[in-house]
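See structure below.
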Amino acid sequence: MSARDTILNRLRERADGPLTAPESDFAVVTHRGWNAEERLARFVQLITSVHGEVIHTAPEEWTDALAKVLAEKGVKRLALGREHPVAAEARRALADAEVELVDVDRDIEEWQREQFESVDAGLSSTRGAIAETGSLWLWPTSDEPRLISLVPPIHIAVLDADAIEDTFYDVLECHGWASGMPTNALLISGPSKTADIEQTLAYGVHGPRELVVLVRHDGPEPGDER
Amino acid sequence: MSMQSSAVQSLGVQTYSPREFHRQAHDALGNPQIRANFRKAMDGLMNKRRDVFGDWDLETLRELGANIRLRALAKLPDLLEQLEANCQANGIKVHWAEDGEQACRIIREICESRDATSVVKGKSMVSEEMHLNAYLEEAGIEALESDLGEYLVQLNEQTPSHIIMPAIHLNTDEISEILHEKTGTERTRDVDTMTAAARSQLRERFMAADVGVSGVNFAVAETGTLCLVENEGNGRMSTTVPPVHVAVTGIEKVVEHLRDVPPLYALLSRSATGQHVTTYFNMISSPRKEGEHDGPKEVHLVLVDNGRSNIYQDNELLDTLRCIRCGACMNHCPVYTRVGGHTYGTTYPGPIGSILSPHLMGLEDTKDLPTASSLCGACGEVCPVKIPIPDLLVRLRRESVGEGRGNVPGAGVKRTRKEVAAWKGFQFMATHPWVWRAGTSVAGKLRALTPSRLGAWTDYRIAAKPAGTTLHALVKRHQASKAQEEKR
C-alpha cells in the first residue's frame, strides 16, 4: 500500500471513532465599522509603526510625489512594469528624468544578477490594503512580477485610499479570493526585518530596507486639522 | 513510525539528548549567560504579546482559533484529499511520507532529478524534525538555512533553541564572534552591520540555489494554497528565486477554507512575537504559469505523517495536533525560561515539545519531558488554540508509568515494581478503614524514628514527620468534647 493510502486509512479508521466538526462564527474578525477616514488613519498609524514610510498625494499629482521620493533617495535605476496604469503613468512622467527605467517584463533567468545587484528600487501597484494591520495586498502579475517587491533595496508601492478595507477577512470575502487564487498572493506590512540578533530590530535583512507607500487621495492627511 | 530521531540531536560541537534532560538542565541552570539571554528575551516577548492583544476580544478569538483547528482535524482525511486534488489541479506535485526518512528520500529524489547540488531553506521545523540537512549533506547536497537565526545556528553547528527565534540563546557578542570566525565578517557590536553582512552572503546563495525548501504555516484545502508567515523575506526568496520549490509540512497543518486563515494568522503573529502582523504573508497556489516571469517552474508539497496519525487516534491526545507553532507556551514557561531550549534535547522544546516529542521519539527517550513542568498552567492559558497542555502533560506522565491507555510509544517505561507495590499497599490501606487507623496511629507513635533524610525530597526540604495524633483522633476528640458541652 502507498504511503498516501496507509496514512489516509489510519486517519479514517480512527480508534476513538469519527469526530464531529464544530461550526465557526467569524464575527470577531470582521465588522469593524470604521469609516474611510478612520481606515486611512489606522492604516497609516500601523504601517508607520513598523518603519513603513507613507506619503500622501492627490491622485493627479502622484507622479510628482514619486519623482520627489526617487530624487530624495538617490534612486538611479527603477524597476517597473509597463501595462498597469501605475507603471504606464510613471513611465510617462519619468521619461525625461535622470532615473533609468528598468523593464521587469522579462524572464528572471535573463537578468537575475542585474536585478539583485544594480536595481535601486522597485515600483508596484497594490490591489488594496488592510486598515486593521497596516498591510498592503498584492497579486503579482506578469507585468509586475513577484520579485520587484522583494529584491530591490527600496519598494515603492502605490495605494488608493479608497481601496483600504477593515480586515484581512473582509478583503478575502469581498474580493472572492477563494474562487480563484493567483499564483502568488501577498500581504506586505513594512520593510523586511529581523530580531534574530538578541531581539534587536534590524531592517532589510533579505528584502527591501525601505517601504514607501504613496497613498493617493483627495482628503486631508490623518491628524491634519484642516 | 520513525525512530531515526532518537537519542542524539545536534550535528556539531554540542550534543543534547532528551535522555540527559536532568544533567543538561543542571548545566544550563549553572550557566548565567544562558539564563540571562533567555530571561531577557522571554520577558520581552511576554510583554509584547500582552500589549498587542490589548484591544482584542482575545477569548473569543482563541475560541474561534481552537474551533477552526478542531474542525480541520475532524475532517482531516477528507481535507488532505481535497488539498491534494486542488494542489494537483493548480500544478503542484503532492507527495506523502509516513515518516521523516521517507520525506527526506522524497526531497533527495526531487533534488537528484534536477541534478541539484545546493538547496536554500526557509525556516521549517518539520525539516528539523526529520533532520533533512544532515540527510542531504550525506547525499552530497548542500542545504543552507536562510532565516537569519537559523543561519547563525547552522554556522555555529547547533540546532535551534526556540521554534520561532532559533538563535535566542546567543547574544550579540557571541553572534559577532560566530560571523567573524565562520564568514570572516569584521567583529562588531552593531546589529545593522551584522545583518547587512548576512544579507550579502545569503543573496549569492539564493541566486545559486538549485532548489528552495520551505515549511508551511497553513495549507488551505479549499484552494490548494500554501501560506507562509515571516518577517525577513527569506521565505519569499526561497520560494521564488530557485527554479524548484519544495514545501514540507506535517499533515495536521491543513485548514478547510481560505476564510479560516485570517483568525489563525492574527493569533499566530500576535502570540509568537507580539506583532499585529508579520512583514510578509506569502500565499502560494501554483508554480510559475505561462507568461509569468519569475517564481519556480516546479512546486512540490511533501505531506509528512511521522507519528501524527498515531496521535490522531486518541480523543485526548488529538488536541496536540491543534498547535500552530507560535511558541507562546515556551515564552511563558518558567521551566523553559530557566533551562533554555537545548536542554530538552528535542526539535520542539518547551511545553509543546514535552507533549509532542514523546509521540515522535517514544517515551523511552523522552520520559523526563512531561515532568519538566510545575503544572502552573501558563502554557494552557496563553495557547492561541486552547490546547490543554497541562492536562496532556499529566496524561503523558500517566502513560510513562503505565497507568494511561498505553497508546503512546514507550508507554510504561517508568513503571517500577516497587512503585506499583507501594500504590497497591496505599490503595489497600485507604479502602480499609481499620487498617488505615491502625497504620496511622502506629506511625504517629513511632514518629521519633522517622529518618531525617528521605532521598531527593530532603535535598531542599526538611523531612516531614507524621503527626503525633491523627486527624481522625483529633476530630473524634473534638466531637466528644462538643457533645459533653451540649449535655451540660
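Laboratory data are not the source of any read-out in this text; all were calculated from the coordinates shown. In this text, all values refer to a predicted model and were calculated from it rather than measured experimentally. When we count neighbours, we look across all protein chains shown, and the Cβ atoms used for this are built from the backbone with ideal geometry, even at glycine.
Quick look at the values:
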item	result
Rh (Kirkwood; distinct C-alpha pairs) - chain A, Å	19.7 Å
Relative exposure of B:329, A:174, judged by other C-beta atoms within 10 Å (fewest first)	A:174, B:329
Karplus-derived 3J(HN,Hα), 6.51/-1.76/1.60, for each residue of the range B:438-446, Hz, glycine and proline x	4, x, 5, 5, 4, 4, x, 5, 9
Calculated P(r) tail over 15 Å for the range B:328-368, as whole % of Cα pairs	32 percent
Directionally averaged shadow of the range B:375-433, computed from the convex hull of its alpha-carbon atoms, nm²	5.7 nm²
Pairwise centroid distance, computed over Cα atoms, of the range A:1-79 with the range B:289-321, Å	22 Å
The range B:213-229 - phi-based ³J(HN,Hα) in whole Hz, Karplus 6.51/-1.76/1.60, Gly and Pro as x	10, 9, x, 9, 8, 9, 10, 8, 5, 4, 10, x, 10, 9, 9, 10, 10
Bins of 5 Å, starting at 0 and running to the largest distance - Cα pair percent for the range B:22-120	2, 9, 8, 9, 11, 9, 11, 19, 14, 6, 1, 0
Antiparallel content of DSSP bridges confined to chain B, in %, to 5	25 percent
Helical mean residue ellipticity (222 nm; -39500 (n - 2.57) per DSSP H run of 4+; nearest 500) of chain B	-14500 deg cm²/dmol
Fraction of beta bridges assigned by DSSP in the protein assembly as shown that are antiparallel (%, nearest 5)	30 percent
Mean Cβ count within 10 Å, highest first, over the residues of peptides B:450-461, B:22-33	B:22-33, B:450-461
Mean Cα-pair separation over length for the range B:282-351, i.e. relative contact order, pairs under 8 Å, 6 or more apart, %	16 percent
Full-stretch length increase - residue B:190, residue B:394 - with 0.36 nm per residue and alpha-carbon distance subtracted	68.9 nm
For B:347-360, mean number of other protein chain Cβ atoms within 10 Å	0
Helix-only [θ]222 nm of chain A, DSSP H runs n ≥ 4, -39500 (n - 2.57) each, per residue, nearest 500	-8000 deg cm²/dmol
Cα→Cβ-extended label distance, 7 Å offset, between residue A:105 and residue A:71, nm	2.9 nm
Estimated FRET transfer efficiency (residue B:405, residue B:381; beta-carbon r; R0 30 Å; 0.05)	0.70
Anisotropy class of the range A:162-224 from Cα gyration tensor, a/c 1.5 cut	oblate
Dipole moment magnitude, nearest 20 debye, the protein assembly as shown about Cα centre, only Lys, Arg, Asp, Glu C-beta charged	5240 debye
Euclidean distance between Cα centres, the range B:171-230 to the range B:367-405, Å	34 Å
Proportion of all alpha-carbon pairs of the protein assembly as shown beyond 34 Å (%)	50 percent
Chain B: relative contact order as a whole-number percent, Cα under 8 Å and 6+ apart	20 percent
Unpartnered cysteines - no second Cys beta carbon under 4.7 Å - across the protein assembly as shown	A:174, B:87, B:104, B:111, B:227, B:323, B:326, B:333, B:376, B:383
Under 21 Å from the Cα of residue B:253 - lysines, other chains or at least 8 residues apart	B:75, B:93, B:121, B:123, B:386
Long-range HN-HN contacts of residue B:147 with modeled amide H, under 5 Å	B:123
Shielding score for A:52-62, defined as the mean number of other chain Cβ atoms within 10 Å	0
Residue B:422/residue B:443 FRET efficiency (R0 22 Å; Cβ-Cβ; nearest 0.05)	0.90
Over chain B - Rg/Rh using Cα atoms and the Kirkwood inverse-distance radius	1.07
Extreme residue, positive dipole direction of chain B, given options B:16, B:264, B:421 (C-beta unit charges)	B:421
Qualifying lysines (Cα of each under 18 Å from Cα of residue A:68; at least 8 residues distant if same chain)	A:76
Of the GluC sites (Glu not before Pro) in the range A:92-195, those whose Cβ has at most 13 other Cβ within 10 Å and which sit in DSSP loop	A:98
Scattering profile of the range B:430-488 at q = 0.12, 0.26 Å⁻¹ [log10 I(q)/I(0), Debye over alpha-carbon scatterers]	-0.45, -1.00
Estimated FRET transfer efficiency when R0 is 41 angstrom, pair residue B:415-residue B:479 (beta carbons, to 0.05)	0.45
